[in-house]
Amino acid sequence: MKRMICFVLVGFFLNGCGETATDLARNGYRALDQHQFQEAASYYEEALTLEPDDQDARLWLACAYIGLGRHERASAEIAAFKKHRFYDAIILAGFLKHQELADLEGVYSNSLMAAAYLRRGVDYTCDAHFDEAMTNFETARRFDPKDGMIDFQIARLIVETQPEVAVFYLERGFSKRHQGNSYLEDHPQFEQLEGYEPFDQLRVRVLGKQARP
C-alpha cells in the first residue's frame, strides 16, 4: 500500500513539474523577441501539441518560421488559422518586411504581401527614405489595389511636395474605405500603429496644404 502511494505521489509531482502550453508559449515569445527563431519554433511546436487550437501560438510559430526562412512551413501554419484576425496580418507583415519579398510571390497571399510592402514603406517614410518608400507602396498596391491604407500612406508621403496629387490619393483612399474594400472600414486600429498617421489628422494636413496660396 505504501509503495502504491509513493508511485502516485511521484507521478503527481512529475506531472506538476511539466511545462504547460502557456509556459511554452511564454518561453517561445521570449526567444522570438531575441531573434532566437529556432528555439522559439521548438517552444511553439511543443505548445501546439498540447493546445492545437491555440491560434496565438500558431501565429508566433509562423513568425519564427519566417525568421528562419522556412516560408513553406510558415505559409502552412497561416493556412491552418481557424479565423483571420486583423492583427495577424500586421504581425506577420512585421516579420516578412525583413525578407527578400520579391522571392516570395506565390508563397503568401496577395493581401499579406501587400501588408509586408506597406509596413516596409512606412519604415522608409519614418527614416526619410522617400524614394524607397514610394517604391514599396506602389508594389503593395500592385498586390492589393483595393487597400485604401496604401493610398493614405502615399498621400502622407507626397503632401509636402505634391499637395494636389496627395488630395487625389486621399480621396481615393476614403472612397475605398467607404466601399468596404480594405481593412479600414472594419479595423480603425490602423490609426494606433506606430508610423501610421490618423486618418482625420492626415486629411486636415493634406487639405490644408492644398488650400495654401
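Listed here are the helices (runs of 4 or more DSSP H) enclosed by the range 37-152 that have at least 2 residues being in the same structural domain as Tyr169 (by TED's automatic domain parsing): 86-96, 110-126, 130-143. Restricting attention to the range 109-123 and to residues that are surrounded by fewer than 24 Cβ atoms within 10 Å (Cβ to Cβ) and more than 12 Å from Gln153 (Cα to Cα), the residue that is nearest to the chain's Cα centre (by Cα) turns out to be Leu112. Within the range 124-135, the set of residues being within 15 Å of Tyr169 (Cβ to Cβ), surrounded by 18 or more Cβ atoms within 10 Å (Cβ to Cβ) and without any contact (Cβ under 8 Å) to a residue 40 or more places away in the chain comprises Ala133 only.
If you go through the range 40-60 and keep only what is within 18 Å of Asp88 (Cα to Cα), free of Cβ contacts under 8 Å to residues at least 24 places away in the same chain and crowded, with 24+ Cβ neighbours inside 10 Å, you end up with just Tyr44.
The values are calculated or read from the model by the stated rules, or taken from the named source; none is laboratory data. Please read all numbers here as calculations on a predicted model, not as lab measurements. Cβ atoms come from the backbone with ideal geometry, glycine included; neighbour counts cover every protein chain shown.
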